[in-house]
Amino acid sequence: MDEKCVRPSLERCEERNLPAAFAEPPVILSNHGELRTTLTEQVGPATIAGQQVSDAWTYNGSYVGPTLVLNPGDLLNVTIANNLPEVTNLHTHGLHVSPLGNSDNVFLQIMPGESNEYRIQLPINHPQGLYWYHRTTTAPSTTRSSKACRA
Ligand SMILES: [Cu+2]
């Protein structure tokens, strides 16, 4: 047997044509029991995997919306400003919160050019974890994007 066996060539990481590393989105922390922010849903330029794109549907101009960090018992007070060309809303996954009123209510409709202040109260015994928020139109199956939220 030939001792000069052929070893598979190992490609150096630097030589690969790798996509851009995931860029950590902005982080917004709660303060004194409340996280208050505005997320503007808009269409415009954005960077996705290191590439500039136009007409992206974004939160505050970012393709991946900010990470919202809250503690159990905190109030998530987020205003959604709709600059999109269609109805929108805010929806979360996994939070143990009310689905009524201005809380995690998928039936709220924010018309183009309008805004809504959500007040989502986390219970004091809310489990820690990684949760999600995203927008929908009137039907949850028409999801257009998703973002991280951890409590
Ligand atoms: Cu959802």
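Residues of region 39-48 that are free of Cβ contacts under 8 Å to residues at least 60 places away in the same chain and either surrounded by 14 or more Cβ atoms within 10 Å (Cβ to Cβ) or β-branched (Val, Ile, Thr) (or both): Leu39, Thr40, Gln42, Val43, Ala46, Thr47, Ile48. In region 101-114, the condition of being hydroxyl-bearing (Ser, Thr, Tyr), at pLDDT below 95, within 16 Å of the ligand (Cβ to nearest atom) and more than 13 Å from the chain's Cα centre (by Cα) is met by no residue. Taken over region 92-115, the residue count meeting the criterion of being surrounded by 19 or more Cβ atoms within 10 Å (Cβ to Cβ) and outside any loop (DSSP other than H, G, I, E, B) is 2. The residue of region 26-36 that is farthest from the chain's Cα centre (by Cα), among those that are in contact (Cβ under 8 Å) with a residue 12 or more places away in the chain and surrounded by fewer than 16 Cβ atoms within 10 Å (Cβ to Cβ), is Gly33.
Exactly one residue among Leu70, Leu76 is among the hydrophobic types (A, V, I, L, M, F, W, C), touching a strand residue (DSSP E or B) at 6+ places or on another chain (Cβ under 6 Å) and either modelled with pLDDT under 95 or more than 16 Å from the ligand (Cβ to nearest atom) (or both), and that residue is Leu70.
Residues checked against (1) closer than 22 Å to Pro25 by Cβ; (2) among the small types (Gly, Ala, Ser):
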position	(1), (2)
Pro66	yes, no
Asn71	yes, no
Leu76	yes, no
Glu86	no, no
Leu95	yes, no
Ser103	no, yes
Gly129	yes, yes
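Filtering region 49-68 to residues that are over 17 Å from Pro112 (Cα atoms) and exposed (fewer than 15 other Cβ atoms within 10 Å of the Cβ) leaves Ala49, Gly50, Gln51, Gln52, Val53, Ser54. Ala49 - would you say it is on the phi > 0 side of the Ramachandran plot and not charged (D, E, K, R)? Here the answer is yes, as Ala49 does meet what is asked.
The values are calculated or read from the model by the stated rules, or taken from the named source; none is laboratory data. Quantities reported herein were computed from a predicted structural model and do not represent experimental measurements. Cβ coordinates were reconstructed from backbone atoms using ideal geometry, including for glycine residues, and neighbour counts include every protein chain displayed.
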